[in-house]
Structures are given as structure tokens and as C-alpha cells.
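Read the structure below first, then the notes.
Rule-based calculations on the coordinates, nothing more; no lab input. Note that the structure is predicted; figures quoted are calculated from it, not measured. Positions of Cβ are generated from backbone atoms using ideal geometry, with glycine treated the same way; all protein chains shown enter the neighbour counts.
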Amino acid sequence: MTHELDQILISSSQSDFRKRLEDLRGRLLSEARFGAFDEESQERQEKVRDILRDVANNGYEAVRKYTKRFDKVNLSRDEFRVSQEHLKETHKKMEQEYQQLFASIRKAIENVRRYQADIFIGNKKQNRHAGIKYTPIERIGICVPGASAPLPSTVIMTAVPAQVAGVKEIVVVSPPRYNKDIHPVTLAVCCELGLREVYRVGGAQAVAVLASEKTIRKVDKIVGPGNQWVQTAKNMVSGAYAAIDSVAGPSEVLIIANDKAKAAWVAADMLSQAEHAPGSAILFTDSQGLAKKVLEEISRQVEQLDRSRETTQCLLKYGGIVVFDDMPGIIEWANEFAAEHLEIQCGGESNKIAAKINNAGAIFIGDYSPVAVGDYWAGPSHTLPTGGSAKFFSALSANDFIKSTSVIEYDKEKLAACADDIIRLAEIEGLDAHARSIRIRQQD
């Protein structure tokens, strides 16, 4: 019996194999960059630019206008910032009502804090050098998407690395889409982490608040996920007004699996990303038998989902089950796709394959390491590069919240030993004053 998802199967035996693979990658890149060069994207950029300019010029009144328009909430000036009393009351209530959940949240926080401290270069004495000084960024902003469901993991995975790095001021922005407020679990986690500056604002206007001085004191770096409006705004303010983590597109998973993998598990992992709609889910395998089993499992499992139709459409557009001739070909293309999440389910070969992967946001090795472990628990931040940007961006970590400053200290003898060399280099570049600044010290 045929199924519409049969068309996502791509095999090296097909004459147009490479073209289909390149077309799939092209669709992922376009989606991750929000169609950067099409007319719709250009219109969005103009609208975002107007929002940024409006908030920068008119402050709270512009924020109130856009919050009313996009979130259907008319906030007074006093309601813009979440009060300390409300944070504490919400935390107390959530802690009492969801004791087991908060026990899990605290364990997750501890896991992330421990992992981030272990990898933090500012804590490693062997990485200290007389010629460099590490300083925490003073003030950062975190974008937390708002929906009917809470996203406490986003707060944990962005704020905890910053705290490990020593960031003093952490600002959280999130739209008031839960009963005209930020979801109480999100607020409770903010309070649990000691975050005191939380604002009811989302979208491009939230980025504008963080990047300008009209409403609050601007931040130095903006991190966190968001829709195409948030990401476009982050991209626009990047560099001139604040640093950003990266421009993140829809979530994606690429699974490398051989005939040792369990088809039902692979299918479940693919669907866990595709249900984001948009979200990309791709399998690379050298086993025709596994490919067919996974396709059967996906076709069966997708019918059991609440968002079955949306997930199916997403798989048709951004999904693929790709059968290669051999593992070297898989590794080459996996590095080319540079996926956000890369799972390797190849039995005893999994670690050997992982060692050959150079481009991925996060690598999940073995049958018992699904993406959800990284999303919530293991310790690395789940804020990861998407759309092939893992070739040049990294997972967010504590090391992204510090800046390095070169430290140079020469005495008279040390300068004298290299003075002639410096003078020659300065003079060949026509910078006489540079040379003179060295020469004058030799005359003392």
C-alpha cells in the first residue's frame, strides 16, 4: 500500500540522487534564513526595521502599541515589568502545586551548571596566560518565546551558562500570551534562578527594547530562540547595537543509522522534530532495509499525532530518508548539511563515526541519546546553530558570555630587544609616528 510519504525516500540508485539531495539541502537553507532574498522576506525586514526605529524613538508607547496589536494585550506602563512580588508569589505557588516538576527543574539546572562550569575557560588555570584577560559581559538579554505551554528549558539553557560566566545582569523578555501574562512556570524558573528583571514583551519589539535605551538600559548581548520576526530583528541589531548568539531557524535533526538501529526509535526521533512544523527530520543510512522500515514506522506513527497533517506536510517539504552506497558518503554529506542536532545510531560503530563529524550543533551518540536528552537534561545548552551554520557557529555556552582582552607589558630591556624589528615594520607601512614612538624610547 502506497503512502504519500513514500516520496521522501531518496536512494543512490536513482539517476537524480544528487539533485534531490541538493534540493533538500537548499530548502532547509532557505527556511533557516527565512527566504532571505524573496519578496516576503524583504517586506518583513522593512516591517522589522520600522518596529526597531519606532521603539528606539518612542519607547514604551511603541511597545504598548505592538503588544496590543500582536499579543492582544493592552499593558499599562506599570505592567510592562514583572514585579518582584509577582515573581515570588508565582514561584511559591508553582513550587507547591508542581513539586515533582520543580524537583526535576532543579536537577536540570544543576546538570547545566556543572557542565558549563567544567567547560568554562575562565575556570581553567591551564588556559590562563599573561597576555589575555577574560571578563564577563556585563548585561545580557534573553528572548523566551511565549505560547500556551511554558518554556522553562529555554530560561535554564540560556541564563545558567551566563551565570556561570559571571554575568551580573540578566534581562528576560517574553510575550504575555498566557492569560495576559508570561506563563507562570517560566516566571517561576526565572525566580528560581534569581532573575529579577523580566518584561512582558515579545517579538521584534522585545529585541528593540533590549537593543535601545528608550525603555530600559540596553544590553550588550541578546540570546535565545524566536520566530522569524525575532530572528530578523536580532540580525538587524547585531554588531551595531548588541552582540547576538546566532540567527536560528526551525529545529532540525539529521540521523545517521545503519542496520543495527531500531526503526521505530529512528522514526520517533524524526517525528519529534518534524512536529514543530516547520522542523526538519532527515535520515542518512547505508541500509535499504532500515530505510523501508523507518518509512513504514513514520507512516504509521504520524497518524497517531494530534498534529498529524501539519507534521506530514513538514516531512514532505523538509524531510528525507536518504540511502547511500556507503558510510564515507554519509559522513561527507552530513558534514555538508551541518545539522543542528546529529544523532548517530550505528551500534558499535557510532563513536568512530562521530569522530569524523566536524560540522554539527550537537552530536548524540548511540541508541539511548535522543535529542530530548540534550534539550532538557545533559548539560550543554540546547541553543544551537541551524541551517548549516554549524560550520561556523557553536552551541551557546558559558564561554559566549565572556570577552577576551589582550594584555601587553614590556620593560625597557624587552622593548630594546625588538625595537629595530618593530621600526622596520612600521616604516614599510608608512607609519612614521608608530616608528617614532619606539625610537624615542631608545633615546632615553
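The table below lists the values:
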read-out: Once the Cα gyration tensor of the stretch 317-444 is diagonalised, semi-axes √(5λ) in Å; value: 52, 18, 14
read-out: The stretch 171-213: C-alpha gyration tensor shape, a/c 1.5 cut-off, then a/b vs b/c; value: oblate
read-out: Summed side-chain charge close to S308 - residues other than S308 whose Cβ falls under 14 Å, Lys, Arg +1, Asp, Glu -1; value: -2
read-out: Stokes-Einstein D in µm²/s, Kirkwood radius over Cα pairs - the stretch 1-119 at 37 °C with 0.692 mPa s viscosity; value: 159
read-out: Cβ-defined net charge surrounding I51, 11 Å radius [Lys, Arg +1; Asp, Glu -1]; value: +3
read-out: Hz values of 3J(HN,Hα) by residue in the stretch 407-422 - Karplus curve (6.51, -1.76, 1.60), Gly and Pro given as x; value: 10, 10, 9, 10, 9, 4, 5, 5, 5, 4, 5, 10, 4, 4, 5, 5
read-out: Most fluctuating residue given options A56, A419, A339, as computed from a GNM of the chain linking Cα atoms under 10 Å; value: A419
read-out: Amide H contacts under 5 Å for K403, placed H, 5+ residues apart; value: T135, I137
read-out: Eligible lysines near K356 by straight Cα distance, threshold 29 Å, same-chain separation 8 or greater; value: K19, K124, K260, K262, K292, K293, K317, K391
read-out: For peptides 343-351, 157-165, sequence by mean Cβ density within 10 Å, most packed first; value: 157-165, 343-351
read-out: MRE, 222 nm, helices only [DSSP H, n ≥ 4, -39500 (n - 2.57), over the chain, to nearest 500]; value: -15000 deg cm²/dmol
read-out: Unsatisfied cross-links (Cα-Cα over 18 Å) in the set K214/K403; K168/K218; K47/K234; value: K214/K403
read-out: Long-range HN-HN contacts of I321 with modeled amide H, under 5 Å; value: L9, I10, L283
read-out: Sequence-distant residues sharing a close amide H with V198 (under 5 Å, placed H); value: V82, V172
read-out: Peptide ranges 408-415, 360-367 listed from the most packed, as the mean C-beta count within 10 angstrom indicates; value: 360-367, 408-415
read-out: Under Karplus coefficients 6.51, -1.76 and 1.60, residue-wise ³J(HN,Hα) of the stretch 164-178 in Hz, glycine/proline x; value: 4, 6, x, 5, 7, 10, 10, 9, 10, 10, 7, x, x, 10, 10
read-out: Derived scalar couplings ³J(HN,Hα) [the stretch 302-309; Karplus, 6.51 cos²θ - 1.76 cosθ + 1.60; whole Hz; x for Gly, Pro]; value: 5, 5, 8, 8, 5, 9, 4, 5
read-out: Cα gyration tensor, the stretch 44-244 - rounded (a/c under 1.5), prolate or oblate; value: oblate
read-out: Prolate/oblate/rounded label for the chain (Cα gyration tensor, a/c 1.5); value: oblate
